[in-house]
1. Check whether at least one residue in the range 32-44 is more than 30 Å from A333 (Cβ to Cβ), over 18 Å from the mean Cα position of the chain (by Cα), modelled with pLDDT under 90 and in a helix (DSSP H, G or I), and report yes or no.
2. So for the range 72-82 (the condition being more than 13 Å from L125 (Cβ to Cβ), hydroxyl-bearing (S, T, Y) and over 15 Å from the mean Cα position of the chain (by Cα)), does at least one residue qualify?
3. Given the conditions (1) in contact (Cβ under 8 Å) with a residue 40 or more places away in the chain; (2) within 16 Å of I246 (Cβ to Cβ); (3) among the β-branched types (V, I, T), report the number of the one that T367 does not fulfil.
4. Starting from the range 336-351, keep only residues that are free of Cβ contacts under 8 Å to residues at least 40 places away in the same chain and in the same structural domain as I302 (by the TED database), then list their pairs with residues that are open to solvent by less than 80 Å² (accessible area, probe 1.4 Å) and part of a strand (DSSP E or B) whose Cβ atoms are within a distance under 6 Å, requiring at least 6 positions of separation or different chains.
5. List the number of the failed condition for S355; all other conditions in (1) among the small types (G, A, S); (2) assigned to a loop (DSSP other than H, G, I, E, B); (3) in contact with an Asp or Glu (Cβ under 8 Å, 6 or more places away or on another chain) hold.
6. Being assigned by the TED database to the domain that holds A257, open to solvent by less than 20 Å² (accessible area, probe 1.4 Å) and in contact with a Cys (Cβ under 6 Å, 6 or more places away or on another chain) narrows it down to one of V309, V373, so name that one.
7. Name, by its number, the condition in (1) open to solvent by 10 Å² or more (accessible area, probe 1.4 Å); (2) touching a helix residue (DSSP H, G or I) at 6+ places or on another chain (Cβ under 9 Å); (3) not small (G, A, S) that does not hold for D149.
8. Could you list, in sequence order, all residues of the range 265-320 that are within 22 Å of K383 (Cα to Cα), touching a helix residue (DSSP H, G or I) at 6+ places or on another chain (Cβ under 9 Å) and in contact (Cβ under 8 Å) with a residue 60 or more places away in the chain?
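The values are calculated or read from the model by the stated rules, or taken from the named source; none is laboratory data. If you're wondering where the values come from, they're calculated on a predicted model, not measured in any experiment. Cβ sites come from the backbone with ideal geometry, for glycine too, and all protein chains shown count toward neighbours. Note: accessible area is taken over every heavy atom of the protein model, side chains too, but ligands, DNA and RNA are not part of it. Shrake-Rupley method; radii C 1.70, N 1.55, O 1.52, S 1.80 Å.
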Amino acid sequence: MSTQHGNSDTKPPSGSGSRLYDLLCAEQPYWNRPSDADSTPWNFRELWKSSGAKERLEKLLKESGNSVCADCGTPDPKWVSLTLGVFICIKCSGVHRSLGVHISKVLSVKLDEWTDEQVDVLVNLGGNNVANNKYEALIPENLKKPTPDSSNEERADFIRRKYEIMQFFDGNKHDPHSHQRTSSSSSQGSLSNLFSQDKRQYEKQPTRHRIGQKFRNSWGRRDSDNHKSVRKSNSLAGMVEFIGMIKVNVVKGTNLAVRDMVTSDPYVMLTLGQQSVKTRVIKNNLNPVWNESLMLSIPDSIPPLKVIVYDKDTFSHDDFMGEAEIDIQPLVAAAKAHERSEIQESMQLGKWVASKDNTLEKDGIITVTDGKVKQDISLRLQKVERGVLEIELECVPLTQ
């Protein structure tokens, strides 16, 4: 897919803008500036609901054992496995996401909106020390845990053996996943209650920053086959290096194709490398408004972002409603350049020019607004009779 920057048909802006254009060609990325995620504008009701939970979460991070990654020991972890009750670093979080949300549902301490019930789940599970006492009870003496400098392949191998196959779990103790299947009447609630509530709310309102992926799981294998199965099942998602996050806001669809007599029940699937996430289903609507934000890790190779629209069917396979691809490399390059610059004002960095050779309905402008690098894109869906999809992209740098 061909891409062009804004300076292909217009003159680069003078002054501070021209300096930023020069930075777009920089070879060495800098992703270590403190994140602006905390300054994301929320409405007052959302802020009131989440501020107390965030404060409790920050206190949990300061407790013994939680100040380092549960799997590799990296200081100051910024990610959480809600199902396992552990605080983890960004590199290990990529492996956790590849396990699937049925094993490890990953949330960001900074980027996600937390509820008191979610924090209650972490309190009940006990944190890193309690989890490691269970999941690492039978680690052989000759096996070393990953360190902050370990490769992604070493992390993936250890984490899958630890949580997916439970090779190091003490069989005399209770099933570590039993909390996912047991309901509780306590005031703090259980994971099963929490997830069932999420499912009921799924159709009612957008879910923000959901990160997940479906992968096959292996259970009940003999210990003699465990190590081989881990090597065999290691996905690319668990072994690639990540250079940042991309927040994809699926805004709306217009004039989508009919798949159910006179209407459709559309949802959007996003795929980046080996990661896939999807929006909620909107029933009986050819002009759906999702306004739903999803997040994906950006691999070092920076593959295209694939977008597919489906019609949800209850008793048969979901029907195809069109697809498109987005080249996110110009957006990532602009974000890296902005991280290196001292420029604070809003400005246009470039654009992906619409043409007959790509799927753009109009030019995709890349801008810096309030310190955030964003791109608005309007896509003509391909391999289908009609349909346009509007998407907003934001490149989020890693903070560790």
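1. Within the range 32-44, one or more residues are more than 30 Å from A333 (Cβ to Cβ), over 18 Å from the mean Cα position of the chain (by Cα), modelled with pLDDT under 90 and in a helix (DSSP H, G or I).
2. Yes - at least one qualifying residue is present in the range 72-82.
3. Status for T367: all satisfied but (1).
4. S346/V368; S346/T369
5. Unmet condition: (3).
6. Testing whether each residue is assigned by the TED database to the domain that holds A257, open to solvent by less than 20 Å² (accessible area, probe 1.4 Å) and in contact with a Cys (Cβ under 6 Å, 6 or more places away or on another chain) leaves just V373.
7. Here D149 clears every test but (2).
8. Once the filter is applied, which keeps residues that are within 22 Å of K383 (Cα to Cα), touching a helix residue (DSSP H, G or I) at 6+ places or on another chain (Cβ under 9 Å) and in contact (Cβ under 8 Å) with a residue 60 or more places away in the chain, the range 265-320 yields V281, P304.
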